[in-house]
Structures are given as structure tokens and as C-alpha cells.
Amino acid sequence: MARFDDSFKELEKSVMEDMRRIYSEKVIANFLNPRNLGQIQAPDGFGRVTGPCGDTMEIYLKTKNGKVTNASFWTDGCGPSIASGSMTTELIKGRSIAEARKITQDDILNALGGLPEESLHCALLAANTLREAIKDYLAFKNEPWKRAYRR
Ligand code: FES
């Protein structure tokens, strides 16, 4: 058993070393331990976008007095998309909708300490999903009861 434990630790160490060669510590932390993962019941804003890669992301918003009081995400995408969704929801919590609306792909990339070229679109997926969630929030802001009739 001790030999199995040792080889498992060796494998884990080598996987982490490989990841560190490609990703920043922030990407790894948000991927391995995503913040705000899951759904929010009866959200005030909801966005779902499928990117050209075929992966989908959802973002849920709870608001009060024009501020994002809670946010969560879900994705069936890659590690960088998990890190991007996690970071995006962290970036918008506590901000006004007007501020959250200004969050771009670059803001997410900067907060993550960058992503490899081939994963830049994963941060774009998060930015686009956030935009959809805010659009949804704005559409129902003044008449929330209309959500019940949404198709
Ligand atoms: Fe599709 Fe990353 S490869 S979101």
C-alpha cells in the first residue's frame, strides 16, 4: 500500500508540474477549486452560451438594488473554462450591474494571470455568458413576473 501511495504522489507531483508549465497559479487554483460552481434558484439574471468549441457555460445572478449579491456558473467545458467561470463570478460579486457589464475577456484573462493562446476563447465564453446573464437581468428588471411566461 505504501508503494501505491508513493507512486500516486509521484504521479500527482508530475501532473502538477506539467500544469504549472502551462497555466498560472490562479488558473490552477480556480480550476481545481472552482468558486461559485452550481446553479442559483430563481436567479435575477441567467445566461447560457455555447461557444464555437461546442462547450456550454451558464451564469446565474442574484441582485439587490442594482448590485450583484451572488453569482454562480456551470460549464461542461475544459479546465480553462472552469477557471474562467470561477474568476468571472468572483469578479462581479458585490459590483453594480453597470460595472459587471463592463467586464471583458481581457479583464478575466488579466485576473487569471493569462491563458495559453489556444485557451483564450474559454475566457471569451465566460465574458459572453456574463453578457447574456446581464441582458436577461435587464430584460426582466422592471417586470420580474414576466419570467413566468418566458418560453
Ligand atoms: Fe471549449 Fe475551453 S475548449 S471552453
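Readers should treat all values here as calculations from the given coordinates under stated rules, not as data from a laboratory. Because the structure is a prediction, the values reported are computed rather than measured. So basically every Cβ, Gly included, is an ideal-geometry build from the backbone, and we count neighbours across all protein chains shown.
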Exercise for review: Show the residues, 5+ positions off or on another chain, whose built amide H is closer than 5 Å to the amide H of Gly45.
Suggested key: Leu61
Review point. Separation between the Glu90 and Phe4 pseudo-spin-labels, each 7 Å from Cα along Cα→Cβ, expressed in nm?
Key: 3.5 nm
**Study point:** Computed P(r) (all Cα pairs; the stretch 1-85; 5 Å bins; percent)
**Key:** 3, 13, 17, 16, 16, 13, 9, 6, 5, 2, 1, 0
Review point. What is the helix-to-structure angle for 79-92, meaning the angle in degrees between its Cα long axis and the longest Cα principal axis of the chain, kept from 0 to 90 and rounded to the nearest 10?
Key: 40 degrees
Review point. About the Cα centre of the stretch 1-83, what is the dipole size in debye to 20, counting +1 per Lys and Arg Cβ and -1 per Asp and Glu Cβ, all else neutral?
Key: 440 debye
**Study point:** Reach of Lys26 by Cα under 19 Å, taken over lysines that are not fewer than 8 positions away in the same chain
**Key:** Lys13, Lys93
Practice item. For the stretch 2-18, just list the computed ³J(HN,Hα) in residue order, Karplus coefficients 6.51, -1.76 and 1.60, θ = phi - 60°, integers in Hz, with x standing in for Gly and Pro. Key: 4, 5, 5, 4, 5, 5, 5, 5, 4, 4, 4, 5, 5, 5, 5, 4, 4
**Study point:** Lys, Arg +1 and Asp, Glu -1 on Cβ, resulting dipole of the chain about Cα centre, debye, nearest 20
**Key:** 1000 debye
**Study point:** Rounded to 5, the percent of DSSP beta bridges in the chain classed as antiparallel
**Key:** 95 percent
Check your understanding: Can you give the extra length, in nm with one decimal, that the chain gains between Gln41 and Glu117 once fully stretched, where that is 0.36 nm per residue apart less the Cα-Cα distance?
Key -> 23.9 nm
Exercise for review: Select from Gly114, Phe73, Gly47 the residue farthest towards the positive end of the dipole of the chain; place +1 on Cβ of Lys and Arg, -1 on Cβ of Asp and Glu, and compute about the Cα centre.
Suggested key: Gly47
Point to revise | Charge tally in the Cβ shell below 11 Å around Thr56, where Lys, Arg are +1 and Asp, Glu are -1, Thr56 excluded | key: -2
Review point. Can you give the three extents of the C-alpha atoms in the chain along their principal axes, from longest to shortest, in whole Å?
Key: 62, 33, 29
